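Just so it is clear, none of the values below were taken in a lab; they were calculated from the coordinates. Values in this document were obtained by computation on a predicted structure and should not be read as measured data. Heads up, the Cβs are rebuilt from the backbone with ideal geometry, glycines too, and the neighbour counts pull from every protein chain shown.
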Amino acid sequence: MGRKLLLEHINVPGINTFDVYRSKGGYASVEKALKMAPNDIVEEVKKSGLRGRGGAGFPTGMKWSFLAKPEGVARYLVCNADESEPGTFKDRYLMTYIPHLLIEGMIVSSFALGANTSYIYVRGEMMPQIRILEKAIAEAKNKGFLGKNILGSGYDLELYVQPGGGAYICGEETALLESLEGKRGNPRIKPPFPAIAGLYGCPTVVNNVESIAAVVPIINEGGEEYAKLGIGRSTGTKLISAGGNVKKPGVYEIDLGLPVEEFLYSDEYCGGIANGKRLKAVVAGGSSVPILPANLFLKTANGEARLMSYESLADGGFVSGTMLGSGGFIAYDEDQCIVRNTWNFTRFYHHESCGQCSPCREGTGWMEKVLHRLEYGHGKMSDMDLLVDVSKKIEGNTICPLGDAAAWPVASAIRHFRDEFEWHVTNPGEATKRNFGLAHYADPLPKVETKVA
Amino acid sequence: MSDKFKVTIDGIPVEVDPGTTILNAARQIGGDIVPPAMCYYSKLQGSGGKCRTCLVKVSKGSEKDPRPMPKLVASCRTTVMDGMEVQNITSPEVIEARKGVVEMLLINHPLDCPICDQAGECDLQNLGFEHGAAKTRYEFDRRTFHKIDIGDKIQLHMTRCILCYRCVFTADQITDHRIHGILNRGDHSEISTYIQAAVDNDFSGNVIDVCPVGALTDKTFRFRNRVWFTKPVEAHRDCDHPGCNGKVTLWYKGEDVLRVTARKDVYGEVEEFICNTCRFDKKKTSDWVIEGPRKVSNQSVISANHYETMHPLPVVKTNPVLQEANKEQFERETRL
């Protein structure tokens, strides 16, 4: 049983109101932080080893220390709550049930960065969460935790909630800033990075909801204490939103370094695969990370047990590994069709590509059409190589990571499940009639392993 | 000269000012090592970075930090560092990526060059000729749109557009207000004026010049002639528009001026933007003062039929400068 840091009081009735949250020790970190020097808070976060929870896993403390601090120029903190990755719903959960945790984190982080205006950019579809946050902000303001001269410390902070326009791409930090400025949400070309010129041309830090929420326990308990949780460079706890064919889907807070087998099969977490079926494949961190077959997911290519951590999941690179990403854990049982799933993901990326740079704009549509053809029984044997080639042409050649995110699931699905794609070509009639899955991916790896270079 | 940065592009060293982009450094060297650019336009701020044809490999970041950059970078938007080493045509990785980008640009392009007015001076045509594959691997219907008139002299044929955003930047920066832009997203994106409003201001015609493909065309020139049958002549007039200096290229066929454009350099970029009066309304030789022939690269199809030899144009007969140029051209053509 891991320690809960973020969701400790999640089951307390009324925790979404200020009074109950305060009585459970809420906003203590604000009181503590306002007495500290802003730089000490940044140091504390650096010591904690907290890594960005939005997907890339970039160290948060490092990001904060990159923030340019020119005289007389405003600085901004923007919370990225534009959670739209298929399979990920941890931020929505956090904002719905314990909104004050985010606001507390925003106050502490804004103070650390010297921002007097901060924004929470919430995905437009999450209207209920926007209302919840606005209500929570009003409560906090009423009690003197927001607004002018917070708790008599002389520090001012205005916190605004901005609904997004409904585009996945606005979760990319520079596209988010464009959208927040009221423009079309096209990612900017970097450099300059937001830490130098972000919102309205001012230095800006953009952090995920969970990263900001995690600042609260870091300040309360100290960075070193936080760093004791987790394993290696993956410190602390992480919210995982488990979905797919598991017995108990939902949001779980885990210590990083938990064995994936325990996460998947123990009753405390997912409780195993639903309906007594076998695990076939897993997407470990939201739709954009490479998909892995069960045998490679539970054990790395070297035969070690895989852990839920940034490093262990990435073990084996893209050949036999995946990524922790944003924590959208999707499990597939033996009856699920990987071709259909890949097509579905690609359809999403095709729909969400902003259309700014050519490889992503044209390539995602192309991949979607080819996969659609495969799934509906009109595929050719050459299509697999074509897809791999197109995905290679997109990957790394685009302005923002959406191109990579669109390319990885396709490339990995073909790498690991090629015979299922081929089966769709050789048995088009059957492939269109039923949702097909080759079950042998659920078997353990054969004894003679191919050595991965 | 310590304030200059030394950059090596494909093994050729060059010294440039700090803040120069890799693409502009390469243009200072010139020749084959210049990366192609479909969306970058040196006269338009903020342009570039979108088409990804100018991708290059930075094999050495700088003197201080010699690590190579992990990904290919867009040379039009990446500034040079001192001691940077860049590989363009010497890197197979870059050639491969560029081929991929060209393929992506062409999969939804109608390839209607035989009936396109831009043919002969089209950046995408040149790019496809150099880097494209002879056959497409794309087996689906191409994206199509209806032609729309944006303004009484400009026609937009969205099917050909590669979404370089140049015309959007032009309208933002050259004209006093922009009423066209990008609608929708992904591969449904289109340039449009939204409610079919007419683009109407004194500099709107410049969007035709900046368009790298045949998406925006001059309605006064559409289907009149192929560009390689016309002869470019430099001319100027005393334009009373404050923002326009009246320096243009006239494109002659016989004794008629078929179209007027701004003067374009070797990279297809205009030297100075011109007003709509010069572009659309002044189509008589008597409106202009002829300066001489417009030099066009020998590589260009336009230079193939630059000056007729047997029957010089009426405009050539009366103008000594053009007569001289005609003689040179004639000698060069008949030497073999």
After finding the eigenvalues of the alpha carbon gyration tensor for chain B, what semi-axes result from the square roots of 5 times each, listed largest first in whole Å?
-> 34, 26, 21
Rounded to the angstrom and largest first, Cα extents along the principal axes for the stretch A:338-436 equal 40, 21, 17
So what is the diffusion coefficient of the stretch B:171-215 in µm² per second by Stokes-Einstein at 10 °C and 1.306 mPa s, using a Kirkwood Rh over Cα pairs?
-> 138 µm²/s
Looking only at aspartates and glutamates whose Cα falls under 12 Å of B:K6's and that sit 8 or more positions away or on another chain, we get B:E15, B:D17, B:E63, B:D82, B:E85
Pop a pseudo-label 7 angstrom from the Cα along the beta-carbon direction at both A:A305 and B:D152 and give the gap in nm to one decimal.
-> 8.0 nm
Taking every residue of A:361-370, the Cβ atoms of other protein chains inside 10 Å of its Cβ average out to 6
Per DSSP, the loop-located GluC sites (Glu not before Pro) within the stretch B:225-295 having at most 15 other beta carbons within 10 Å are B:E255, B:E271, B:E272
Where the only charges are on Cβ atoms (+1 Lys, Arg; -1 Asp, Glu), what is the dipole of the protein assembly as shown about its Cα centre, to the nearest 20 debye?
-> 500 debye
Taking R0 as 35 Å, what's the FRET efficiency between B:Q173 and A:A37 from their Cβ-Cβ distance, rounded to 0.05?
-> 0.20
Treating only the Cβ atoms of Lys and Arg (+1) and Asp and Glu (-1) as charged, compute the dipole magnitude of the stretch A:18-228 about its Cα centre; round to the nearest 20 debye.
-> 40 debye
Computed label-point distance, nm, for sites A:F318 and A:K183 using a 7 Å Cα→Cβ extension = 3.0 nm
Expressed in nanometres to one decimal, the distance between label points 7 Å along Cα→Cβ at A:K148 and B:Q299 is 6.6 nm
Candidate aspartates and glutamates for bridging to A:K47, where Cα separation is under 17 Å - those fewer than 8 sequence places away on the same chain excluded | A:E221, A:E224, A:E225
Computed over the Cα atoms of the stretch A:1-134, the Rg and Dmax in Å are 15.4, 49
Rounded to the angstrom and largest first, Cα extents along the principal axes for the stretch A:24-76 equal 34, 33, 18
CD proxy, 222 nm, chain A: helix-only mean residue ellipticity via -39,500 (n - 2.57) per DSSP H run with n ≥ 4, per residue, nearest 500, stands at -12000 deg cm²/dmol
Output the direction-averaged projected area (hull surface divided by four) of the convex hull of the alpha-carbon atoms of the stretch A:249-387, in nm².
-> 9.7 nm²
Which percent, nearest 5, of DSSP beta bridges in the stretch B:5-101 are antiparallel?
-> 85 percent
Intensity falloff of the stretch B:5-101 expressed as log10 I(q)/I(0), Debye formula with alpha-carbon point scatterers, at q = 0.10, 0.11 Å⁻¹ | -0.22, -0.26
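Divide by every residue of chain B the summed helix terms, -39500 (n - 2.57) for each DSSP H run of at least 4, and state the resulting mean residue ellipticity at 222 nm, rounded to the nearest 500 deg cm²/dmol.
Helix-only estimate at 222 nm: -5500 deg cm²/dmol.
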Paramagnetic label zone (point 7 Å from Cα along Cα-to-C-beta, B:T79; backbone N under 19 Å) in the stretch A:200-217 = A:200-204
For the protein assembly as shown, average projected area of the Cα convex hull in nm² = 39.2 nm²
Crossing angle, helix A:358-375 versus chain A [Cα axis fit, 0-90 degrees, rounded to tens] | 50 degrees
Write down the percent of antiparallel bridges among all DSSP beta bridges whose residues are both part of chain A, to the nearest 5.
-> 50 percent
Plugging the Cβ-Cβ distance of B:N225 and B:R142 into 1/(1 + (r/R0)^6) at R0 = 30 Å yields, to the nearest 0.05, a FRET efficiency of 0.65
Quick one: what are the phi-derived ³J(HN,Hα) couplings along the stretch A:236-246, Karplus 6.51/-1.76/1.60 with θ = phi - 60°, whole Hz, x for glycine and proline?
-> x, 10, 9, 7, 10, 9, 8, x, x, 8, 9
Antiparallel DSSP beta bridges within the protein assembly as shown, percent to nearest 5 | 70 percent
Förster-model FRET efficiency, 41 Å R0, A:E221 and B:I195, C-beta, rounded to 0.05 | 0.10
The lysines whose Cα lies under 19 Å from the Cα of B:K43, excluding any fewer than 8 residues away in the same chain, are B:K247, B:K264
Send over the semi-axes of chain A's equivalent ellipsoid, whole angstrom and largest first, taken as the square roots of 5 times the C-alpha gyration tensor eigenvalues.
-> 39, 25, 19
May I ask for the angle, rounded to the nearest 10°, between helix A:338-352 and the longest principal axis of chain A, with both axes built from Cα atoms and the value confined to 0 to 90°?
-> 40 degrees
